[in-house]
1. Explain nothing, just the number: relative contact order of chain B, from Cα pairs under 8 Å at least 6 residues apart, as a whole percent.
2. About the Cα centre, and with charges only on the beta carbon of Lys, Arg (+1) and Asp, Glu (-1), how big is the dipole of the protein assembly as shown? Nearest 20 debye, please.
3. Give the long-range amide H neighbours of B:Gly140: residues separated by 5 or more places, or on another chain, with amide H under 5 Å away, using H modelled in the peptide plane at 1.01 Å from N.
4. Please turn the phi angles of the range A:216-225 into ³J(HN,Hα) values with the Karplus equation 6.51 cos²θ - 1.76 cosθ + 1.60 (θ = phi - 60°), one per residue in order, whole Hz, x for glycine and proline.
5. If you take all C-alpha pairs in chain A, what percent of them are over 38 Å apart?
6. Leaving out ligands, DNA and RNA, and with a 1.4 Å probe, what % of the accessible surface on the range A:1-153 is carbon or sulfur?
7. In nm to one decimal, list the spacings between the B:Asp69 label point and its equivalents in the other copies, with label points set 7 Å along Cα to Cβ, shortest first.
8. Taking amide H positions as placed 1.01 Å from N in the peptide plane, with prolines and chain starts having none, which residues 5 or more places from A:Gly262, or on another chain, fall under 5 Å of its amide H?
2 protein chains.
Amino acid sequence: MLSVEELERLRALFQPEAVAVIGASSTMDKLGYNLVDSLVYGGFPGRILPIHPNGGEILGLKVYPSLEDAGIVPDLVVIGLNQFATVEMVERCGRLGVKGVICIAGGYREMGQEGEELESRLVAAANRYGMKMVGPNTLGLVNTYHDFNATFYPFRLNRGNISLISQSGGVGLEIVLRAQDEGLGISKWIGLGNAGNLGFAELLQYLAQDDSTKVIALFLEGTPEARRFVEVAGQVAQRKPIVVLKVGDSQTTRYAALTHTGSMTGSYQMWRDILEQFGLVVVESTQELVALCKAFVLAATPKGAGVGILTHTAGPSILALDELARRECLVPPLAPATLEKAREVLGENPPVVLKNPLDAAGGAYLPERYGLLVRAILEDPGVDLLITIYCLHKNWHFPSAEIVEAKRLYGKPIVACYISTLGAVREDREQLQGAGIPVYTSPREAAWAAAALVQRFQQENILERSHNAEQGS
Amino acid sequence: MLSVEELERLRALFQPEAVAVIGASSTMDKLGYNLVDSLVYGGFPGRILPIHPNGGEILGLKVYPSLEDAGIVPDLVVIGLNQFATVEMVERCGRLGVKGVICIAGGYREMGQEGEELESRLVAAANRYGMKMVGPNTLGLVNTYHDFNATFYPFRLNRGNISLISQSGGVGLEIVLRAQDEGLGISKWIGLGNAGNLGFAELLQYLAQDDSTKVIALFLEGTPEARRFVEVAGQVAQRKPIVVLKVGDSQTTRYAALTHTGSMTGSYQMWRDILEQFGLVVVESTQELVALCKAFVLAATPKGAGVGILTHTAGPSILALDELARRECLVPPLAPATLEKAREVLGENPPVVLKNPLDAAGGAYLPERYGLLVRAILEDPGVDLLITIYCLHKNWHFPSAEIVEAKRLYGKPIVACYISTLGAVREDREQLQGAGIPVYTSPREAAWAAAALVQRFQQENILERSHNAEQGS
C-alpha cells in the first residue's frame, strides 16, 4: 500500500494544478509545440506555463523565458529538452520545489554504459529532491478524469475505466486507439519509458486505489524489479483484473528491447508462467488485450464455468468453440428442458441438430425468436454465461433489445458477437455495451472474452474458498 | 484442368443470363424475399424470375406461379424451399434443362443417417441431369464481376481480386466484411455448404483459370475428398497463393463441424502439416486470413528474404520482430553504408542505437526525413522488403507520398504499418494500396504480411530451381 505522502506526490503527476513545459516551441512539427498543444487541445483546466528563452506566445499562451520567471512554482514540469539538458533541468526543478517531472527524451540506459551513467545522474537528481519522475524516454502521461494530456500526441480520449501502463508509446497508442474504436474509454495512461524512479509496482498500487480504474492493462518489455512487480501485481489482481501483453519471444527481440528501454525481456515462457501464477491474464496481441479489457470493464463475473452459445450460422460458433477449447473452457450439453423450449420456438422438426452451441439457422433470424432462444438458454442451470452470435443483414436487424431484456431478466453475463464491422455495429454496440454486454465483431474475440470471464470466476472462487478456510481455522 | 464442357457448366453458376428463385416471397423477413432482393440490390443485369404459386409481384418483378410458366428456361435456379421439397425441385429443374442449381436449405448429411439418404437422392437428381449444384446447406454464391449476388444476404461488395470458398456462410461474411473494411475487393465468393456435387477441387480449378482472381481464400471444416483436394490445391498454389483457415482443434469442435456440414475435421495438426507441404498458407484467424490476402493481392513477391523495419517508435517494431521471429523470418543487420546514410539524416549523435529495426525516434516524425530513411534502407542490398511503421498524429501527417515515391524508385515491396484506426487511415490507405503497398493498423498484421511474402519468395525460388534442374537434366 502507498503511504499518504507517496499518494500525494503521485497526485502531483496525475492531477497537477499548474504544469510547465520546458522547451516549448511555436514550430508545429517540434516536440515542444506538441507538448503544449496536448495540454491545450486536451482541455487541461489548470495553468499551462510554456517555457522558452525567446519568450513570445504559443497557442495564445504567454511563454516565459525561464521556469524562475513564471511567477509560480508548478506542481509538475514536462521537460522536452535533450538527454543532457534534461538532467540539469531536473536539478533546477528540484531546487525550485517542483513535485513531479516528466522526462520525454531518450538517450539513456538503452544506449549502453555512457547513457546508463547519465540516467543514474538523472535519477539521483530527482530522488535528491523527492520528485516523482515519469520516464525518461517516455511518451508521457494521460489522465482523462483531469482532462490532462501530458504527451506529445495531442488527442482527446473518451473517459472510461481502463488504465494502461505501457513500456512503449507506440504500442500504448495502438491500444488506446483500438479501445476507443471499440467504444471504450480510458482513465489513466502512463508511458513507463525507462522507469527512472517510478516503476510498475508503485503505479499498480496507485491504480489499485484509483476509483475510476476498473481494469489495468500492461504492455511489458521487462523490468529490473521483477520480483516486486509480480508480488504487487498479484495483490492488485485480486481486486482488479490485470491484462498483460508481454514481448520478448526471440533473441532478436530481446536485443531490440534492450536498446529500446534498456529492459532485459527474459524468457517469455518463464514470464508467462509466473505472471499467470500471480493471477495476471497474459494475452498474445493488442487485439486480445483490448477484447479482454472490454469484457472485464463491462461484464460481471459469471457464477459458474458453463458457457452457452446461440447462433443462426454454425461456422462462427465453431471458430468460437475452437478458441474456448484451447482455453479449456466448458461448453456443457443443454438440459432437456432447454432443448424442449428451443423446439417450441423452432417448430417440431427444425433442420438442425439441437445442442450447445445452439444453431437455430433460419429459425433465429427474427429478433423476437432469437430473444426467446436467448431466454431459454439463460434459464438453463448449466449455463452461466452466454455468447450470442448474429450477422449483419440488410433486411433483418440485430436482436439488441431482446438480448438486453433477457440479461435484465436472468442476470447472467452475456457476450455478444455481431458479425459486422466496427462502423456498421456502432449504434447497437452502444445499446448493448451501455447495458453491460460487450460486443465483438468476430467469434474469436467473443470466445476470448467468455473464457477470460470464466477464468476470473475460477480465480475468485479459489481465493474465496481459501479465504473461508482461513477464517474457519 | 477443367474440360471446356465443365467450364461451360460452371459458367452457368457464375455468369448466368437468367436466374429463377423458387420460394420467392414478398415478406421481408423470409429467406425467399432476401434471395430476390440480393439479385436486385446487387444489380444483376440478367433476367430475374421469382417463382411462387401465388404469383403477384416482388420488388417490382412479376412472380410466376411455376418454373414452367416462366416462358424461358433459366440457366440457374436458386431453390429456397425446405430440404424435402428441394429434392423434388432439383428433379424438375433437370427435366426442364436447367444447367445449375443453388440449394440453400440445410437438413441433410449433417442430420445423421436419414439426412444422408435425402442428400444422396438430391445429389443423384442433380447428377442425372448433369447439373452443377452449389450446396445444399449454403449461403449461396457471389460474382462481383457479373454483379451477381445469389445469397440471402443482400449487399454490394466492391470488386477486387480475392476469391473465397467458405464452408460457412457466417465465417465467409466475416471475411468479406473485414476485407471491405480494409479497402479490399472480392471477385467470387462461394458458400460450399455440404458440397453435394461441387467440391473444393473443382472450384479451385475454376478459380485458377479465372483472370480476376489473384488470391484464393478458403475456410475449411473438412472434406471427404481430402486427397484430391490437396493435390489440386497444391497445383493451383503454384500459380496463385491459397490462404486457408482450418477449424477443428478440439473434440467438441469436431462434433460441431460434423453437425454443421457433415464434415470430419480430422486432426488439426495433421491437416496443417499436409496443407503446408502442398504450398498452401495456413492461418489462425479471419484477421490473419484477410491480412495475408491483402499482402498477396497488392504487393509483389520480394526477390530475397531480408526484411528491414523503419519506425519512429520502438515498441511496435518489437511486436513485429516477435511475430517475424516466430515465422523464422530474417531481419538482417543493415550495411555500414546504410547506417552512414541514416546518420546523415539524423545528425551526428542521434539518441538511439542505429540498427535493424531502425528506430529513428524524433528524427523521423517529419515525412521528408522519414522518406529519406525509407530510401536509405531500400538501397541496402541485404533488404528485400521493408516494413514502415508510423503513428497517427494530430499535427504530423503520414509519410504516404514519400513511401510511394521510394517504392517507385527502388522497386522493392513495402508493407506499411500505420498505428491508427481503419476509419482514420482511410485516405492514406487508398493512396498506398493504390500504389501496391498494403497498409495495416497493427505491427502484428504487418509482420504476418511480410513473413508471408518472404515465404512466397522462398516457395517460388525452390520451384524455379527444381524446374531449372529438370530442364537441365
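The values are calculated or read from the model by the stated rules, or taken from the named source; none is laboratory data. These numbers come from a predicted model, not from an experiment. Glycine gets a Cβ as well: all are built from the backbone with ideal geometry, and neighbour counts include every protein chain shown. All accessible areas refer to the heavy atoms of the entire protein, side chains included, with ligands and DNA or RNA removed. Shrake-Rupley method; radii C 1.70, N 1.55, O 1.52, S 1.80 Å.
1. The normalised contact order for chain B reaches 11 percent.
2. 340 debye
3. Those qualifying (amide H under 5 Å, at least 5 residues apart or on another chain) are B:Gly191.
4. Once rounded to whole Hz, the list reads 10, 10, 10, 10, 10, 9, x, 8, x, 9.
5. Here the long-distance tail beyond 38 Å is 33 percent of all Cα pairs in chain A.
6. 49 percent
7. 9.2
8. Counting only residues 5 or more places away or on other chains, the set is A:Glu110.
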